[in-house]
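Let me begin by presenting the structure, written as structure tokens, before commenting on it.
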Amino acid sequence: MDAANVDLKAFTDHFYKSLCVGQLQPVLDTLIYLKNETDVWFEITNLIIPGHNDSDSELEELTQWVVKELGPDVPLHFSAFHPDYKMLNTPPTPASTLSRAREIAVKNGVHYAYTGNVHDETGSSTYCHKCGSKLIGRDWYVLTAWNMTDNGLCRFCQEPCEGVFEKRPGTWGSRRMPVRLARYRH
């Protein structure tokens, strides 16, 4: 396996027991294992659910743990919750909550913190942790900037950007294709 994305649902046992019928520690142990015992590139996603795992204190603890135990270069994605299935009465996550989580992560030393499931070009883009320049601009699925050298350095200050990259960006983007419906006669 070359890459993995691990959902760190919350940073309390109460959340894992009451909402996931699971435990926090095995998830933390898996993340530490991936970091120390494998060469797998991994990223973490935290689905923020209003009223359940969105407090400043929990976000502080989570992001401080990531930096201390895994290092500052593990990407951390904060994603928006949308009501579904058994949580229809829980409101969707406001974009401002995701931005706040990202700000807390950056303040605590996370080099690559992102927002997800919302339209937020700033929160979706990658920035150089040394000089602050936008390295990879993302607007939904469209690349808006590519400021990395062929060997993965910031084009402006030559600081390495951790990750797995091609030398040059591809022609990714929205893959939405128009659909034409034909009328059939029987």
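Couple of notes before you dig in:
- Residues of the range 123-142 satisfying the condition of being of a type outside the set (Gly, Ala, Ser) and under 20 Å from Glu162 (Cβ atoms): Thr126, Tyr127, Cys128, His129, Lys130, Cys131, Lys134, Leu135, Ile136, Arg138
- Screening Lys107 on (1) touching a His at 6+ places or on another chain (Cβ under 7 Å); (2) surrounded by fewer than 19 Cβ atoms within 10 Å (Cβ to Cβ) shows it passes everything except condition (1).
- When residues of the range 1-17 are limited to those that are outside any loop (DSSP other than H, G, I, E, B) and charged (D, E, K, R), the one nearest to the chain's Cα centre (by Cα): Asp7
- Tallying residues that are under 16 Å from Thr97 (Cβ atoms) and out of contact with any helix residue (DSSP H, G or I) (no Cβ under 7 Å at 6 or more places or on another chain) within the range 57-74 yields 3.
- Complete set of residues in the range 84-98 that are part of a helix (DSSP H, G or I) and not polar (S, T, N, Q): Tyr85, Lys86, Met87, Ala95, Leu98
- Any chance Thr63 is crowded, with 17+ Cβ neighbours inside 10 Å and over 13 Å from the mean Cα position of the chain (by Cα): no
- In the set (1) surrounded by 19 or more Cβ atoms within 10 Å (Cβ to Cβ); (2) modelled with pLDDT under 95; (3) assigned to a loop (DSSP other than H, G, I, E, B), Val164 fails one condition alone, (1).
- Count of the range 117-161 residues which are within 18 Å of the chain's Cα centre (by Cα), buried (at least 17 other Cβ atoms within 10 Å of the Cβ) and on the phi < 0 side of the Ramachandran plot: 15
- Residue in the range 18-37 that is assigned to a strand (DSSP E or B), under 17 Å from the mean Cα position of the chain (by Cα) and of a type in the set (Val, Ile, Thr) present: no
- Of all residues in the range 54-83, those satisfying the criterion of being assigned to a loop (DSSP other than H, G, I, E, B) and either under 17 Å from Tyr127 (Cβ atoms) or touching a strand residue (DSSP E or B) at 6+ places or on another chain (Cβ under 8 Å) (or both) are Asp54, Pro72, Asp73, Val74, Pro75, Phe81.
- Scan of the range 123-144 for residues that are among the hydroxyl-bearing types (Ser, Thr, Tyr) and under 19 Å from Leu98 (Cα atoms), ordered by number: Ser124, Ser125, Thr126, Tyr127, Tyr141
The values are calculated or read from the model by the stated rules, or taken from the named source; none is laboratory data. If you're wondering where the values come from, they're calculated on a predicted model, not measured in any experiment. Quick reminder, even Gly has a Cβ in these numbers, built from the backbone with ideal geometry, and neighbours come from all protein chains shown.
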